[in-house]
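Chemist: One structure coming up, written as structure tokens, with questions to follow.
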Amino acid sequence: MGPIIRAMKHNRMRFALIIVEIAITLAIVTNAVNMILDERQKMLRQSGFDDENLISIGYQPFAPEFREESFVESLVQTDMRAIRSIPGVKAVAATGFLPWQGGGSSGTWKTEGYNDKFQAQLYAARGQLFETLDMEVAQGRAFVETDTPVETNVPTRVTIISRALAKKLWGDANPIGRVITNGEGGTPRTVIGVIDEFYNPYAWNIGEFVLFTPGRSYDGGGARFLLRVEPGAVKSVVSQLEPKLLAVNNGRVFRLLTVAEQKDNFFSAGKVVITAMTGIIIVLIFITGLGIVGITSLAVSERTRQIGTRRALGATRADILKHFLAENWLVTSAGLILGVVATYALNFALVSKLTDVKMPWYLVGIGIVMLWAIGIIATLPPALRAATVSPAIATRSV
Amino acid sequence: MLSYNVKIAIKSLRRNPILTSLLIGAIALGICVSTTFIAVRHIFEKDPLPGKSQTLFNVRLDNWDPQRAWNAEDPKSLPTQITYRDMRELMKSNLPTRQTGTYRSRFFVHPDPKVARPYAENVRLVFTDFFPMFDFKFRYGGPWDKAADAKPEQVIVIGHQTNQKLFAGANSVGRTVRLEDRNYKVVGVLEPLRPAVLFYDMTQGGIGQLPEEIFMPFNFTPVLELQTFGNSDGWKGFDGDGYAAFLNSETVWIQFWAELPTPQKQAAYRDFVNNYVRDQKKLGRFQRPLHTEVTAMPDLIKELSSLPPAVRSLSIVSVLFLVVCSLNLVGLLLGKFLARVPEVSVRRALGASRLQVFWQHVVECELVGIAGGVIGLTLSIGLLKLIAKAIPNGEVIRLDTEMVLVSLFLSLVAGLVAGVYPSWRVCSVAPAMQLKVQ
């Protein structure tokens, strides 16, 4: 080791270059992978619903007859019958809930047995909500027609909540029959059922918490339907929906969106981040490797005579190879030590809040092993060339 | 001298086309990546109204629940909008040069049935000051007058797209548009407008939101009993029934802007706002600690923007990427220049000064930098187009002149970073030594 380090002292700048390059590369690669994993984790999250086969269609009316409550009430029922009559449609509900909207409606609630007020998403739904979401009411019962008050201005009295919310509020105790009120203690609703899975990304980390009620999500301002179709039927149903509903009433305009499209939109920025980061990582590793090849080649061609002399003095080819590999290993290791510091410094610079993203140690470990390997692979071609230098070179003057 | 150096540099670069394209390629790659991701960030963070935005102030008042802050987790938070009644009171001040309350609503447009079916369109309610405050450019006509604000008169300003859709792009000033059950006279048509950030309404994060296509006098709000199509947040029930109770409630749904050109006016206006809240406290409202914010537009955008943090991260990472590309060139250039030591030593022996040799090589590096920069810039235009396509409402993502300059500057810096050390090494060669070896 001693002679190697002494030899390196003559080329400080060159090795400093590799050290800095390796350090920055490690910092970028680990942080980029960390961000990719973060985005992927969000995308792999399951909503719990049959996303691929869900369609949302909403309308906004402009015809004056929509001001009549009774007109809207019967129209929504007619609409749902019309939608169900389209071949391929399995179930339909009138609800403002749209999976992967990344928002929706929510409220602040209170219940006995839980000390604080809590926030949860709230969606009113009529029709076949759980059939549409392809979900069983795991405990308790589903909504029935009589759960919906006849008068439109009377609040609903029952609710079906997600398992995650029940766990948060009452632990493993039976949630059925418990009463949830609004933040001021008004509009009590009795829990009549629990669904096992629910996830719709939302602010304040309430993505898993939901209250469904058998209420009206529609009024004179419009309505929205969520429907599930048989696998493969999305396209044909989409093409028939609007004409069918226009035939029911044409005093309105429609907005149609498949849940798959909605999910795509929701994750579009994340996909760009993943693609960009992946591209940067690949190109960066390639470039750093090339840089090591270049600088080592330079070192070899500059030291051709010394190599010849060493060979003439009895060093084997393996000795020369070992020399360059050891040299590179030392430089790479120094770069990696600096790189670990740089990794955490960059991580610190990238997160706006300290609590946000953390750098898992195993990522740094994988990064170190990878860069060691790249260092060796990149050193091999010039080092092999060095090993072929003939001892006779030493005897020549240039 | 420069032209001579450039000539020599080109000659030297031509001698080894493979190495030269490697050098240019590395810079191009670094510039392409860094330009692209700095540009994405720049588009969303740059000042939307340079020179003007510092005089435009958004007003916020903490009228929230005495028990609970606006954001329950942050006791210092306050609502991003104000109530209708507070807006009415603030409007009585004559300190601002201009001022407007504003919000987004939604109307059905009923075009000539021969042209199109009725459709819903976002409509922004504003006072006429809104247009000059936010520097709206008119293609035809202009804003309505103050009299139309007060009455209110049935007048509207329409956007470029609506003018295309309803009037095939003709000068439609004086023609009428039917919204719901009334006809409105067009007084102005705007130039096409697509800001990256909806700077006059940040209540929903401002990113990816299109400006409204129709603008209507604010005072139609009580006349038509309009509802907001934006955020509306309340914490307290209404006193009484009907629309009047809603207008009189603690529900916040209006953005309020004042133009305050001088620091004196800004200070005086802050006092005015605080005194207003103190007066209201005497009436039993505003029971939380006195907290008002009069925020300049650029600061408000920073505070409320919904730009994903990854955009900032990508821009930082991409600059580091450029640094690595540039460091790589140091090694390559070192090899290239040192191979030329014999030639340089002859020049030195013939009287070229160290500085001259140094500059000659720096110029060569800068040529590589500029060539790489131009190629990188071209590539990044393509990359930005791909990104714009992949994101909903992403068409605002593109290069502006400022970014082109930044990018060229970066390529010069990259060339310099890569070239200084090798140039210095080659120029510090002693002439005699080299001649001896020869």
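Rule-based calculations on the coordinates, nothing more; no lab input. Keep in mind the model is a prediction, meaning the values are calculated, not measured. A quick note on method: Cβ atoms are made from the backbone with ideal geometry, for glycine too, and the neighbour counts reach across all protein chains shown.
Chemist: How high is the relative contact order of the stretch B:156-218, in percent, counting Cα pairs under 8 Å that sit 6 or more residues apart? It would help to have the intermediate numbers written out before the result.
Modeler: Details: 88 pairs, mean separation 25.6, N = 63.
Averaging sequence separation for qualifying contacts and normalising by length gives 41 percent for the stretch B:156-218.
Chemist: Still on this structure: Count charges around A:P231 for me, please; just the other residues with Cβ under 14 Å from its Cβ, Lys/Arg as +1, Asp/Glu as -1. Could you put the intermediate results ahead of the total?
Modeler: On the way: positive: A:K90, A:R228, A:K235; negative: A:D50, A:D51, A:E52, A:D134, A:E230.
Net local charge, A:P231 excluded: -2.
Chemist: Determine the shape class of the stretch A:129-274: with a ≥ b ≥ c the square roots of the Cα gyration tensor eigenvalues, call it rounded for a/c under 1.5, and otherwise prolate if a/b is greater than b/c, oblate otherwise. Don't skip to the answer; put the middle values down first.
Modeler: On the way: a/c = 1.93, a/b = 1.32, b/c = 1.47.
Taking the square roots of the gyration eigenvalues as a ≥ b ≥ c, the stretch A:129-274 is oblate.
Chemist: If you don't mind, there's one more thing I want to ask. Which of the three applies to the stretch B:103-235, rounded, prolate or oblate, going by the alpha-carbon gyration tensor with a ≥ b ≥ c and a/c under 1.5 meaning rounded? Intermediate values should be presented prior to the final figure.
Modeler: On the way: a/c = 1.29, a/b = 1.22, b/c = 1.06.
It is rounded, given that a/c, with a ≥ b ≥ c, falls under 1.5.
Chemist: Which value at 222 nm does chain A reach when only helices count, each DSSP H run of 4 or more adding -39,500 (n - 2.57), with the total divided by all residues and rounded to the nearest 500 deg cm²/dmol?
Modeler: Details: 10 runs with 198 residues, N = 398.
Counting only the DSSP helices, I get -17000 deg cm²/dmol.
Chemist: Something else: Roughly what would the spin-label model give for B:Q287 and A:W170, points 7 Å off Cα along C-beta, in nm?
Modeler: So the label points at B:Q287 and A:W170 sit 3.2 nm apart.
Chemist: While we're looking at this one, here's another question. Using only Cα atoms, find the angle between the long axis of helix A:317-350 and the longest principal axis of chain A, and express it within 0 to 90 degrees, rounded to the nearest 10.
Modeler: Approximately 30 degrees, to the nearest 10.
Chemist: For B:K137, give me every one of the lysines with a C-alpha distance below 29 angstrom, ignoring sequence neighbours fewer than eight places off in its own chain.
Modeler: Result set, ordered by chain and number: B:K46, B:K52, B:K92, B:K146, B:K151, B:K165, B:K185, B:K265, B:K302, B:K385, B:K389.
Chemist: What is the gain in length, in nm to one decimal, between A:Q41 and A:S74 on full extension, counting 0.36 nm per residue of separation less the C-alpha to C-alpha distance?
Modeler: Roughly 7.5 nm would be gained on extension.
Chemist: Under the definition of Cα pairs under 8 Å and six or more residues apart, what whole-number percent is the relative contact order of the stretch A:51-265?
Modeler: Relative contact order of the stretch A:51-265: 39 percent.
Chemist: Once you have the Cα-Cα distance between A:N205 and A:F254, take 0.36 nm times their residue separation minus that, and quote the gain in nm to one decimal. Write down the numbers at each step before the final one.
Modeler: Details: separation 49, 0.36 × 49 = 17.64 nm, distance 3.16 nm.
Stretched fully, the A:N205-A:F254 segment lengthens by 14.5 nm.
Chemist: Also, quick follow-up: Taking neighbour Cβ counts within 10 Å as the exposure measure, how do B:I397, A:I28, B:I18 sort from fewest upward? Don't skip to the answer; put the middle values down first.
Modeler: Details: B:I397 21, A:I28 28, B:I18 7.
In increasing order of surrounding Cβ atoms, one gets B:I18, B:I397, A:I28.
Chemist: Which value does Rg/Rh take for chain B over its C-alpha atoms, Rh per Kirkwood? Mind dumping the intermediate values first?
Modeler: Working: Rg = 30.3 Å, Rh = 26.0 Å.
So for chain B, dividing Rg by the Kirkwood Rh gives 1.16.
Chemist: For the stretch B:206-222, just list the computed ³J(HN,Hα) in residue order, Karplus coefficients 6.51, -1.76 and 1.60, θ = phi - 60°, integers in Hz, with x standing in for Gly and Pro.
Modeler: Per residue, the Karplus-derived 3J(HN,Hα) values read x, 9, x, 10, 8, x, 5, 9, 9, 10, 9, x, 4, 5, 6, 3, x Hz.
Chemist: What shape does the stretch B:165-317 take by its C-alpha gyration tensor, where a ≥ b ≥ c are the square roots of the eigenvalues and a/c under 1.5 counts as rounded, a/b above b/c as prolate, and the rest as oblate?
Modeler: Details: a/c = 1.77, a/b = 1.16, b/c = 1.53.
Oblate shape, in that a/c is at least 1.5 and b/c is the bigger or equal ratio.
Chemist: Within chain B, what is the longest stretch that has no GluC sites (Glu not before Pro) placed in a DSSP loop and near at most 15 other beta-carbon atoms within 10 Å? Working shown, then result.
Modeler: Values: sites that count: B:E73, B:E180, B:E225.
With a cap of 15 other Cβ atoms within 10 Å, the longest stretch comes to B:226-438.
Chemist: Roughly how big is chain B's charge dipole about its Cα centre, with Cβ charges of +1 (Lys, Arg) and -1 (Asp, Glu), in debye to the nearest 20? Please list the in-between numbers first.
Modeler: Details: 49 positive and 38 negative charges, 390 e Å.
Its charge dipole is roughly 1880 debye.
Chemist: Take B:V413 and B:L247, extend 7 Å from each Cα along the Cα→Cβ direction, and tell me the distance between the two endpoints in nm.
Modeler: Using points 7 Å along Cα→Cβ, the separation is 5.5 nm.
Chemist: Pick out, from B:W253, B:N16, B:F57, the residue whose Cα sits farthest towards the positive end of the charge dipole of chain B, with +1 on the Cβ of Lys and Arg and -1 on the Cβ of Asp and Glu.
Modeler: Value: B:N16.
Chemist: Expressed in nm to one decimal, what extension gain is obtained for the pair B:A349 and B:K302 from 0.36 nm per residue of sequence separation less their Cα-Cα distance? Provide the component values of the computation, followed by the final result.
Modeler: Numbers: separation 47, 0.36 × 47 = 16.92 nm, distance 5.97 nm.
This chain segment gains 10.9 nm when fully extended.
Chemist: Determine, for B:W64, A:W361, A:W100, the number of other Cβ atoms within 10 Å of each Cβ, and report the residues in order from fewest to most. Each step should come with its number before you reach the end.
Modeler: Details: B:W64 23, A:W361 9, A:W100 20.
Fewest to most other Cβ atoms nearby, the residues stand as A:W361, A:W100, B:W64.
Chemist: Still on this structure, I have one more. Taking θ = phi - 60°, what integer Hz values does the Karplus form 6.51 cos²θ - 1.76 cosθ + 1.60 yield along the stretch A:105-113, in sequence order, with x for Gly and Pro?
Modeler: Once rounded to whole Hz, the list reads 10, 8, x, 10, 10, 9, 8, 6, x.
Chemist: For the stretch A:170-230, what's the relative contact order in percent, using C-alpha pairs closer than 8 Å and at least 6 residues apart? Display every interim value, and only then the final one.
Modeler: Working: 39 pairs, mean separation 10.7, N = 61.
Worked out over the stretch A:170-230, it gives 17 percent.
Chemist: Still on this structure: Given R₀ = 41 Å, what would the calculated FRET efficiency be for A:R67 paired with B:N71, taking r from the Cβ atoms and rounding to 0.05? Intermediate results must be reported in sequence, preceding the final value.
Modeler: Working: r = 37 Å, r/R0 = 0.90.
Efficiency at R0 = 41 Å is approximately 0.65.
Chemist: Under 23 Å Cα-Cα from B:K11, which lysines qualify once same-chain neighbours fewer than 8 residues away are excluded?
Modeler: B:K336
Chemist: A follow-up question, please. Helix-only estimate, please: 222 nm mean residue ellipticity of chain B, summing -39500 (n - 2.57) across DSSP H runs of length 4 or more and dividing by its residues, to the nearest 500.
Modeler: On the way: 15 runs with 216 residues, N = 438.
Here the helix-only value at 222 nm equals -16000 deg cm²/dmol.
Chemist: Give me the count of lysine pairs in chain A whose alpha carbons sit under 15 angstrom apart, restricted to pairs 8 or more positions apart or on different chains.
Modeler: Values: A:K42/A:K263; A:K42/A:K271; A:K90/A:K235; A:K110/A:K167; A:K110/A:K168; A:K117/A:K168; A:K235/A:K244; A:K263/A:K271.
Eligible lysine pairs with Cα atoms under 15 Å apart amount to 8.
Chemist: B:K7: which aspartates and glutamates have alpha carbons under 19 Å from its alpha carbon, excluding same-chain residues fewer than 8 sequence positions away?
Modeler: B:K7 reaches B:E343, B:E364, B:E366.
Chemist: According to a simple spin-label model (label point 7 Å from Cα along Cα-to-Cβ), what is the distance in nm between B:V115 and A:L290?
Modeler: 5.6
Chemist: Okay, next question. Please give the net charge around B:W70, taking every other residue with its beta carbon less than 14 angstrom from that of B:W70, where Lys and Arg add +1 and Asp and Glu add -1. Write down the numbers at each step before the final one.
Modeler: Details: positive: B:R60, B:R68, B:K76, B:K236, B:R288; negative: B:D62, B:D65, B:E73, B:D74, B:D233, B:E250, B:E293, B:E303.
Cβ neighbours under 14 Å give a net charge of -3.
Chemist: Another question, if that's okay. Return the long-range amide H neighbours of A:K90 (sequence gap of 5 or more, or a different chain), with a cut-off of under 5 Å between placed amide H atoms.
Modeler: Answer set, sorted by chain and number: A:R228, A:V229, A:E230.
Chemist: What is the set of long-range amide H partners of B:F138 at a cut-off below 5 Å, with H atoms built 1.01 Å from backbone N?
Modeler: B:E191
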